[in-house]
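The next block holds one structure in the form of structure tokens; read it before the comments.
The values are calculated or read from the model by the stated rules, or taken from the named source; none is laboratory data. Quick caveat, the model's predicted, so the values are computed rather than measured. Because the Cβ atoms are built from the backbone with ideal geometry, glycine has one as well, and the counts that use them run over all protein chains shown.
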Amino acid sequence: MKRALSVILLLALILFVPGCYDYSEPDDKAWILAIGFDKSKQNKLLVTTVIAVPKNIAGGSGGEPAGGGGGGAETFFTVTMEVPTMLSALELVNSAVDRRADMSHTKWLVFSRELAEEGIARHYAPLSRFYQFRRSTNVVICEGRAEDFLKQGKPILEDNVGKYYELLMGGWRYADFIPFDTFHQFYMKSEEKGITAIAPLAALNRSESMSGNDAPQTSGEYQAGRIPRKGGGSIEIMGAAVFRKGRMVGTLNGNQVGVQKLFFGTLKYTILDLPDPKHPDDYIVVDVTPRSKPRVEVLIGEDGLPRISVRVDLEGSILNIQSGEEYEKPDRLAIVERAVERALLEQINEAVFKSQEMGTDYLGLGLHAKKLFRTWSQWMAYDWDGKYPEATVTVSVDYKVRRIGLIHEMAPLQ
């Protein structure tokens, strides 16, 4: 009898166990990999969604992998709609696509520069509460129209355009000119006092020849859309857009982005070309890695303005000496170290000056000043954004050569 009652009770409980009534098959989804925003008429948005074509990514009917964006079957398509808000575009996509649109794998939010200069806070802020949206998504500012940028930005090495977007942005680990910030960092910096947000600057490759009218520049002084190159992928990322209160107020070149990453401790590695002190027409090439995070001290002067001192400790290797000068000797390494320190100090001072000129503390120096105030109300009353442009900033750089490469000494070529 007890066993029978146990079986009946178990069967009764099974009736109340929830089933998979709300299941969703991945094959029933239209995966949105990127979303572009352009200015449109009547204060509306022109929203472009990039949707993956899974069968062409996985392989064709013959079992062979389909071609990427550069040839063969297309691995993605775009849908552009004029709507009042981004989420209404997500709803309308379902009327034009035979699967339900889903943002769970969205990699990029791309805003045109024209729209960014007018302000984008009201477009991106509501996404932070949307259940499908991931804060690991990147905010990207593109030169020209976002619609054209996403349609023409096709991968070469990848079939999966989503992975292409992810790998492009992952270059921040080994290139100092790509910002680290994801949507989460961008959103939090936009809300916080004492710091301002930046976003990667991207563009399609120019069709003009490399021998244009651009003046000669070092590698870190370029921005996206102005890199002297031919071939490669359609999209290039370099530099950043600077925001204040959700509106784009200026741009940074690759060197200035590197300084921002150095101050935040996200700079991993960079290569520096500097003129040879004894042979100005030749270059010394070194790599640079941080020894520790920069040490920042902030004091408030009697006039109420900040006094900021920054200490930067770096190290690296000699990669190349074009002139053949024997700088690798122990008693001559200091010549290279001092040259690197001068070059980096110039870049840092330029980035600091630009941040003060724009009135945007994208270097995050205000975060080190907050500890000087006992309460939040005192910190807010101090008005860091208003006083930062008048702050005195002193920077010192220490660079040490740790390795001299794979040869012991230079030998003259015969």
- Message: Among the numbered criteria (1) of a type in the set (Val, Ile, Thr); (2) more than 18 Å from Thr266 (Cα to Cα); (3) at pLDDT 85 or above, which one does Ile195 miss?
- Response: (2)
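Which ranges mark the strands (runs of 3 or more DSSP E) fully within segment 280-345 that have 1 or more residues being over 23 Å from Leu267 (Cβ atoms)? Please lay out each step first, then the result.
On the way: elements: 283-290, 295-300, 306-321.
By residue number, 295-300, 306-321.
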- Selection from segment 72-125 of residues that are basic (Lys, Arg), surrounded by fewer than 18 Cβ atoms within 10 Å (Cβ to Cβ) and either under 25 Å from the mean Cα position of the chain (by Cα) or at positive phi (or both): Arg122
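Being of a type in the set (D, E, K, R) and within 25 Å of Ile318 (Cβ to Cβ) is the filter here, so list the residues in segment 255-302 that pass it. Outline the logic, then answer.
Keep residues of segment 255-302 that are of a type in the set (D, E, K, R), which gives 261, 268, 273, 276, 278, 281-282, 287, 291, 293, 295, 297, 302.
Residues satisfying the conditions are Lys261, Lys268, Asp273, Asp276, Lys278, Asp281, Asp282, Asp287, Arg291, Lys293.
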- Query: Mind checking whether some residue in segment 371-393 is of a type in the set (Lys, Arg), touching a residue at least 60 places away in the same chain (Cβ under 8 Å), assigned by TED's automatic domain parsing to the domain that holds Glu337 and in contact with a strand residue (DSSP E or B) (Cβ under 7 Å, 6 or more places away or on another chain)?
  - Reply: yes
- Message: Criterion first (surrounded by fewer than 14 Cβ atoms within 10 Å (Cβ to Cβ), β-branched (Val, Ile, Thr) and under 21 Å from Tyr399 (Cα atoms)) does Thr289 satisfy it?
- Response: yes
- How many residues, within segment 312-359, are over 14 Å from Leu272 (Cβ atoms), under 25 Å from the mean Cα position of the chain (by Cα) and surrounded by 14 or more Cβ atoms within 10 Å (Cβ to Cβ)? 10
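On the basis of being modelled with pLDDT under 90, of a type in the set (Lys, Arg) and in the same structural domain as Tyr283 (by TED's automatic domain parsing), does Arg332 make the cut? If you could, list the steps in order and put the result at the bottom.
Working: modelled with pLDDT under 90: yes; of a type in the set (Lys, Arg): yes; in the same structural domain as Tyr283 (by TED's automatic domain parsing): yes.
Spelling it out, Arg332 is indeed modelled with pLDDT under 90, of a type in the set (Lys, Arg) and in the same structural domain as Tyr283 (by TED's automatic domain parsing).
Look through segment 126-165, keep the residues that are among the small types (Gly, Ala, Ser) and outside any loop (DSSP other than H, G, I, E, B), and return whichever of them is surrounded by the most Cβ atoms within 10 Å (Cβ to Cβ). Even if it seems obvious, please write down each step before you answer.
First pass over segment 126-165, keeping only residues among the small types (Gly, Ala, Ser): 128, 136, 144, 146, 153, 162.
Next, from what is left, pick out any that are outside any loop (DSSP other than H, G, I, E, B): 128, 146, 162.
Values: Ser128: 13, Ala146: 30, Gly162: 22.
In this case the residue turns out to be Ala146.
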- Within segment 172-191, restricting to residues that are without any contact (Cβ under 8 Å) to a residue 60 or more places away in the chain and acidic (Asp, Glu), the one that is surrounded by the fewest Cβ atoms within 10 Å (Cβ to Cβ) is Glu191
